[in-house]
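Each reported figure results from applying straightforward, stated rules to the coordinates on display, with no laboratory input. Remember, predicted model here, so these are calculated numbers, not experimental data. Every residue, glycine as well, gets a Cβ built from its backbone with ideal geometry; the counts of neighbours run over all protein chains shown.
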Amino acid sequence: MAYLKSLFLNFLVVFFANHVLPGISVVDLTKLPHVGADLVFAGALGLLNSLIYPILRLVRQDPSGLRIALLAIVINFVAYAIVKFIPMGISITGVEGYVFASTSVAIVSFLTNFFEYGSKPKCDHTDHTDQNPE
């Protein structure tokens, strides 16, 4: 359930960052307002952001706050850099849009990954049987 909450929150943050922050304009590719490639971009980036903690656990890295933050920053700055050169439903019109969107989405991605997954108790796989058989 924590993954679905993280995915939904990351999707919403990317979607609203693209529509609200200055320096970003949404390109309406369809006749319906705000339905198009911007939703696909928000979904893909939201999915990537929600997978940070599970990927770190999968590659057997200690998902510390620093690693989660660095991975969130890299993913978001690279994704918005790709959009800067290849518009995918949104168009970045200035440097401030690139910086504001990447930073705000990276911060929320860090917070969702750190608090949704990092607050879970760690499993202790040690054997707690009695060492003194009598």
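Results, tabulated for the structure shown:
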quantity	calculated
Exposure proxy order (Cβ contacts within 10 Å, fewest to most) of ASP38, ASP62	ASP62, ASP38
Neighbour-count ranking [beta-carbon atoms within 10 angstrom, fewest first] of SER6, SER25	SER25, SER6
Exposure proxy order (Cβ contacts within 10 Å, fewest to most) of VAL108, VAL20, VAL13, VAL59	VAL59, VAL20, VAL108, VAL13
Cα-based equivalent ellipsoid, the range 1-111: semi-axes from gyration tensor eigenvalues, Å	25, 15, 11
Other-chain or far-sequence residues with amide H under 5 Å of ILE24's (modelled H)	THR93
